[in-house]
1. In µm²/s, what is D for the stretch 3-92 at 37 °C and 0.692 mPa s, where D = kT/(6 pi eta Rh) by Stokes-Einstein and Rh is the Kirkwood radius from Cα pairs?
2. Run the accessible area of the chain with a 1.4 Å probe and give the carbon-and-sulfur part as a rounded percent.
3. Any idea of Thr111's accessible area? Nearest 10 Å², probe 1.4 Å.
4. Suppose R0 equals 35 Å. What FRET efficiency, 1/(1 + (r/R0)^6) with r the Cβ-Cβ distance, do Leu56 and Ala76 give to the nearest 0.05?
5. Give me the one-decimal Kirkwood hydrodynamic radius in Å for the chain, with the sum taken over alpha-carbon pairs.
6. Using modelled amide H (1.01 Å from N, peptide plane; none on Pro or chain starts), what sits under 5 Å from the amide H of Ala129, excluding residues fewer than 5 places away?
7. Excluding ligands, DNA and RNA, what is the solvent-accessible area per residue of the stretch 47-164 at a probe of 1.4 Å, expressed in Å²?
8. Starting from the Cα of Asp87, step 7 Å along the direction of its Cβ; do the same at Arg9; then give the gap between the two resulting points in nm.
Amino acid sequence: MADDLSFSRAGAEHLPRFEQIRAAAFAPVFASFRAILGDELYELVQARDDAAQPALLASMLQPDSGWEVYAAQRAAIVVGFVSVRLDPTTKVGEIGLNAVDPDHAGHGIGTAMYDFALARMREAGMRAATVGTGGDPSHAPARRAYAKVGFDAAIPSVWMSRIL
């Protein structure tokens, strides 16, 4: 399973592989958003955010971004990535943008990445951890993986939109 994974701090040199993973992992999410909203509303209210995700990922890999990004590797192949933000003032850590290569999904890699991120937070003296995810069906695997590592307190949210 995932016990043969290793983690290393990532830099800009990881961006091409991370972008491949991100694009493949988020394609069904963006398709779900489009299906839920319909084409017209999706283009008006969601498409820009989805299209901006590659730039967000690139910015997180910059040394002064405030994010630590880690590559998950199996047999020297990058199979996923996870970003972590540590706030020394509030003592709250955050799991940010992360993804597992869909060709490697279902083998505990996401759970291992989140365990790693939580261990990094504990090491840095954080007292709580947060993560945000979607409530739509395409995010169900992420919600299950977060629950597996102990995220058990949630504030439900609904984001609504309409054509004028």
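The values are calculated or read from the model by the stated rules, or taken from the named source; none is laboratory data. As the structure is a prediction and not an experimental result, all values here were calculated from the model. Cβ coordinates were reconstructed from backbone atoms using ideal geometry, including for glycine residues, and neighbour counts include every protein chain displayed. Ligands, DNA and RNA are stripped out before the accessible areas are found, and what is left, the full protein with its side chains, is counted by its heavy atoms. Shrake-Rupley method; radii C 1.70, N 1.55, O 1.52, S 1.80 Å.
1. Values: Rh = 14.8 Å.
Value of D from the Cα-based Kirkwood radius: 222 µm²/s.
2. Numbers: 5380 of 9430 Å².
Roughly 57 percent, rounded to a whole number.
3. Accessible area of Thr111: about 30 Å².
4. 0.85
5. Values: mean 1/r = 0.0600 Å⁻¹.
Computed over Cα pairs of the chain, the Kirkwood hydrodynamic radius comes out at 16.7 Å.
6. Gly93
7. Working: 6760 Å² over 118 residues.
Per residue, the stretch 47-164 has 57 Å² of solvent-accessible surface.
8. 2.3
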